[in-house]
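The values are calculated or read from the model by the stated rules, or taken from the named source; none is laboratory data. The model shown is predicted, which means the values in this text are computed figures rather than measured ones. Because the Cβ atoms are built from the backbone with ideal geometry, glycine has one as well, and the counts that use them run over all protein chains shown. Remember, those area values only see protein heavy atoms, side chains included, never the ligands or the DNA or RNA. Shrake-Rupley method; radii C 1.70, N 1.55, O 1.52, S 1.80 Å.
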Amino acid sequence: MEKKRMPIGIEDFAKLRTNNFYYVDKSGMIKELLSNWGEVNLFTRPRRFGKSINMSMLKYFFEIGTDKSLFDGLAISKETKLCEKYMGQYPVISITLKATEAGNFETSRNLIAMEIRDEAEKMSFLAESDRLTASEKKTYDSLLQRDIDDETLYRSLKTLSGLLQKHYGKKVVILIDEYDVPLAKASKQNYYKEMVLLIRNLFEQALKTNSALEFAVLTGCLPRYAFGVRVSKESIFTGLNNPKMYTLLEAECDEQFGFTDEEVQEMLAYYSLGEYYDITKEWYDGYKIGRANVYNPWDVINWCNQLLTNPNKVPKSYWANSSGNEEVQKFVQKMGNGVTKTQIERLISGETVQKKIEEQLTYDTMYDSVENMWSLLYATGYLTQSETPVGNLVRLTIPNTEVRSIFRDFVLKLFEREIAQDGVTVSAFCDALKSGNAPETEKLFTAFMKNTISIRDTAVRKEFKESFYHGLLLGILGFKDGWSVDSNRESGDGYYDIAIEIEDEEIGIVIEVKYAEKAQFEQECKKALKQINDNDYTAELKNDGMRTLLKYGVACYKSQCKVVVEREEHDPEETDT
């Protein structure tokens, strides 16, 4: 039997359900949404956590004329009375603002207007409706114009919902996906105030003063104050339609975005990938939403898809590579300016820090203070809660290996920028390394390590800790002209950490890095040298004509290290014979 396809990038619920794609059933969200009832509902979740597919599911469930078979076999289909009352019973307006970011306000405004116009064009039956007056039909026509004025745009969603209500005789469901994307871009491109005014007027008309509204659902990354102007504690939702919030701290609907452990195990079993459960959990699990522990769905889907084509594939950062990770970059750059090295060390090592989470965060202020940045990292998924919060005090941790790698990589980039300004010490380190001077190499590398974070003794995998110190060495060596530096390449019977060829002096260097748990430096250095010799890591260097071979065992622990070296002289002519 043919296996279902992986739904990579599929955000249309009907397409997913009718084209043999694997679907993790989140239809339970419908029952929870209706049971908890709010006239305006706002779900805030990190990017790539299934917001768009869930909004599409809501559209197909409530929309008049829907294909009810789309929900056959899903959890919601068992709720017979609820389905009879709500399924296919409402006119639905569904827009997404995810593709409306632009470099200037005019372009972004036009994209928003086009999104609404495209939705209005799907309702062309209004132009012929015998329930609308000629004036109302003219009003509908105004929504289809390309040069729409501000007043018409502000009232567009309210206008369209009013026309739909009159045509059908039923109130309208409004769905707005990724409401805060244009605001995020506006804050970076210096047109935030103009965009706030547009979004405020558009939403106030549609969600606060709209008698045609049955209920609305919005999704985004930041809570409601993200599109408020913080001149007071009021938001655009103040009043009757103040939204029902489903933030990362709320228990309601906590399993409806992201995959639960049971759902991931079912997916792996379906594709006969059960043996990869532990590594999948290590890399992509760890998010706590409300009371639920969930995986990043974008990661799990892409990872499983890769495994189906290449069972030897190693995990990588799928979610991280879907954005520039600016939030982490700016946070790491604050180290020493409000963010201590100890805090970052604890996070990268798998420990926790307790911080006050500010849910009244706005896009124009999110980088104004370190306190705001902690809240931003939490809202966007780079940090998660490790235990039940006490009020707005949340014990934060990095959720998994993927995100931990993002923090590590930005720390290493910062380290590289700093050592680029210290050419004298870099040159001295490389001279000591080239000459086989282990004590001096050890002394200088220790000095470098004290200028950046260290990795603490925790449950984080030893391989991860070793890769950090490996990265520090590569960062230093990258500034040495005339040296050929390779990393993690095959030589002899294995893969060395670092190999260096100094061709004009016929010197070859192999470095094996170990993490010295409990400061067992001597033991780890011996292991490193034994690994180099047992696996013949110098084979490639010998083949390339290197005569002097230096084999380094480097053991690191926090901001300390031990360096040992073995020297071997090699005659290439003897190898040839």
When restricted to I112, I76, the only residue part of a helix (DSSP H, G or I) and within 30 Å of N293 (Cβ to Cβ) is I76
Condition set surrounded by fewer than 24 Cβ atoms within 10 Å (Cβ to Cβ) and of a type in the set (G, A, S), scope region 177-219, selection nearest to L160 (Cα to Cα): answer is A212
Leading residue by the ranking (least open to solvent (accessible area, probe 1.4 Å)) among those in region 429-440 that are outside any loop (DSSP other than H, G, I, E, B) and over 17 Å from V485 (Cα atoms): A438
Is it the case that some residue within region 442-454 is closer than 22 Å to T548 by Cα and touching a strand residue (DSSP E or B) at 6+ places or on another chain (Cβ under 7 Å)? yes
For region 493-515, the count of residues that are free of Cβ contacts under 8 Å to residues at least 60 places away in the same chain, of a type outside the set (S, T, Y) and open to solvent by 40 Å² or more (accessible area, probe 1.4 Å) equals 4
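Just a yes or no: is a residue in region 552-559 without any contact (Cβ under 8 Å) to a residue 24 or more places away in the chain, among the basic types (K, R) and surrounded by fewer than 23 Cβ atoms within 10 Å (Cβ to Cβ)? Steps first, please.
First pass over region 552-559, keeping only residues without any contact (Cβ under 8 Å) to a residue 24 or more places away in the chain: none.
No, that holds for no residue.
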Filter region 344-366 down to the residues that are in a helix (DSSP H, G or I) and either open to solvent by 30 Å² or more (accessible area, probe 1.4 Å) or hydroxyl-bearing (S, T, Y) (or both) and list them by number. R346
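Okay, residues lined up against (1) in contact with a Phe, Trp or Tyr (Cβ under 8 Å, 6 or more places away or on another chain); (2) among the polar types (S, T, N, Q):
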site: K171; (1), (2): yes, no
site: D180; (1), (2): yes, no
site: K185; (1), (2): no, no
site: N190; (1), (2): no, yes
site: L197; (1), (2): no, no
site: R200; (1), (2): yes, no
site: A206; (1), (2): no, no
site: S211; (1), (2): no, yes
site: V217; (1), (2): yes, no
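Going by the structure shown, is E119 surrounded by 12 or more Cβ atoms within 10 Å (Cβ to Cβ), of a type in the set (D, E) and part of a helix (DSSP H, G or I)?
yes
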Is it fair to say K480 is open to solvent by 30 Å² or more (accessible area, probe 1.4 Å), within 20 Å of V564 (Cα to Cα) and not acidic (D, E)? no
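For (1) over 28 Å from A120 (Cβ atoms); (2) modelled with pLDDT under 95; (3) buried (at least 17 other Cβ atoms within 10 Å of the Cβ); (4) of a type outside the set (D, E, K, R), each residue gets a yes or a no:
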{"position": "E2", "(1), (2), (3), (4)": "yes, yes, no, no"}
{"position": "F13", "(1), (2), (3), (4)": "no, no, yes, yes"}
{"position": "G28", "(1), (2), (3), (4)": "yes, no, no, yes"}
{"position": "K59", "(1), (2), (3), (4)": "no, no, yes, no"}
{"position": "D67", "(1), (2), (3), (4)": "no, no, no, no"}
{"position": "L74", "(1), (2), (3), (4)": "yes, no, yes, yes"}
{"position": "G88", "(1), (2), (3), (4)": "no, no, no, yes"}
{"position": "S94", "(1), (2), (3), (4)": "no, no, yes, yes"}
Helices (runs of 4 or more DSSP H) within region 130-184 that include 3 or more residues within 19 Å of G88 (Cα to Cα) and out of contact with any helix residue (DSSP H, G or I) (no Cβ under 6 Å at 6 or more places or on another chain): 156-168
Might you check whether a residue that is within 30 Å of E121 (Cβ to Cβ), exposed (fewer than 15 other Cβ atoms within 10 Å of the Cβ) and of a type in the set (V, I, T) occurs anywhere in region 16-24? yes
Screening E573, E522 for residues that are touching a strand residue (DSSP E or B) at 6+ places or on another chain (Cβ under 8 Å) and open to solvent by 50 Å² or more (accessible area, probe 1.4 Å) leaves only E522
Somewhere in region 48-71, is a residue outside any helix (DSSP H, G or I), among the β-branched types (V, I, T), within 15 Å of F257 (Cα to Cα) and touching a residue at least 60 places away in the same chain (Cβ under 8 Å)? no
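Output the residue which, of all residues in region 271-320 that are of a type in the set (S, T, N, Q) and outside any helix (DSSP H, G or I), is most open to solvent (accessible area, probe 1.4 Å).
That would be N312.
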Taking the criterion of being in a helix (DSSP H, G or I), of a type in the set (K, R) and open to solvent by less than 60 Å² (accessible area, probe 1.4 Å), would at least one residue in region 455-466 satisfy it? yes
Quick one: how many residues across region 166-176 are touching a Leu at 6+ places or on another chain (Cβ under 9 Å) and open to solvent by 10 Å² or more (accessible area, probe 1.4 Å)? 4
With the checklist (1) under 30 Å from D457 (Cα atoms); (2) under 18 Å from the mean Cα position of the chain (by Cα) in hand, flag the one item C304 doesn't pass. (1)
